[in-house]
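Structure, as structure tokens:
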Amino acid sequence: MTVIVGLVHEGRVHLGADSAGVAGYTLTVRADPKTFRTGPYVMGFTTSFRMGQLLQHAFQPPKPDSADLHRFMVTTWIDALRTCLKDGGWARKSSDQEEAGSFLVGIHGRLFSIHSDYQVAEAVTPYAAVGCGQDLALGALHATQHLAMKPRQRLTTALAAAAHHSAGVAEPFTYAATRR
């Protein structure tokens with residue numbers, strides 16, 4: 001239960017996230033952020049704070065191959081991620097299929113959504129969202145795409161829309177972006 005939003009602007013990937021930790025009807029506003037930088041990557045996670053902790057503190061993402069970045073993400077990067085999640089005791093297996101969580105990854109001016117089946121998605125739009133508030137956030141990102149707003153303003157607008165209309169999204173919001 002959360003929302004992570006991302007957008008590409010002038011070659012940089014910007015992410016924003018809420019701070020809700022939800023279990024059933026219990027909401028905990030978390031101090032540990034769901035967005036962070038790891039080397040040249042920026043990431044924002046949903047699904048599990050344990051998965052996010054492994055992504056932030058244990059995962060050593062491989063050096064990106066910009067020759068064919070999508071292929072690199074689908075193969076080399078996902079293989080390293082799977083190993084990290086298994087070693088950290090978080091990866092799940094159901095009916096002989098591995099499952100993880102959902103999160104956003106930005107690198108080299110491109111924004112990828114990683115889904116629970118390790119699918120790597122890249123939308124044709126320069127923005128994406130994951131989590132229970134994703135539809136609300138995507139609507140706000142779509143509505144603001146032609147307005148003269150800075151990336152942080154657009155992310156905040158999308159996060160605020162999701163927080164206003166979803167019981168699984170809560171302030172404060174955190175942000176991270178790839179380096180210039």
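The values are calculated or read from the model by the stated rules, or taken from the named source; none is laboratory data. Since the structure is predicted, the reported quantities are computational estimates derived from the model, not experimental observations. Glycine gets a Cβ as well: all are built from the backbone with ideal geometry, and neighbour counts include every protein chain shown.
Of note:
- Elements of type strands (runs of 3 or more DSSP E) in the stretch 1-53, at least 2 residues being modelled with pLDDT of 95 or more and under 14 Å from the mean Cα position of the chain (by Cα): 3-9, 12-17, 35-38, 41-45
- Pairs are defined by a Cβ separation below 8 Å, a sequence spacing of at least 6 or placement on different chains, a first member in the stretch 1-24 that is of a type in the set (S, T, N, Q), and a second member that is not in a loop (DSSP other than H, G, I, E, B); the pairs so defined are Thr2/Ala17; Thr2/Ala20; Thr2/Val22; Thr2/Gly131; Ser19/Val29; Ser19/Thr174.
- Count of the stretch 101-134 residues which are in contact (Cβ under 8 Å) with a residue 12 or more places away in the chain, at negative phi and over 13 Å from the mean Cα position of the chain (by Cα): 4
- Candidates Leu55, Leu136, Leu111, Leu141 - the one that is within 24 Å of Leu159 (Cβ to Cβ), surrounded by 15 or more Cβ atoms within 10 Å (Cβ to Cβ), touching a His at 6+ places or on another chain (Cβ under 6 Å) and among the aliphatic types (A, V, I, L, M): Leu136
- Sole exception among (1) crowded, with 20+ Cβ neighbours inside 10 Å; (2) in contact with a helix residue (DSSP H, G or I) (Cβ under 7 Å, 6 or more places away or on another chain); (3) of a type outside the set (Val, Ile, Thr) for Met73, by number: (2)
- When every residue of the stretch 20-33 is checked against the conditions, none turns out to be in contact with a Phe, Trp or Tyr (Cβ under 7 Å, 6 or more places away or on another chain) and within 16 Å of Thr178 (Cα to Cα).
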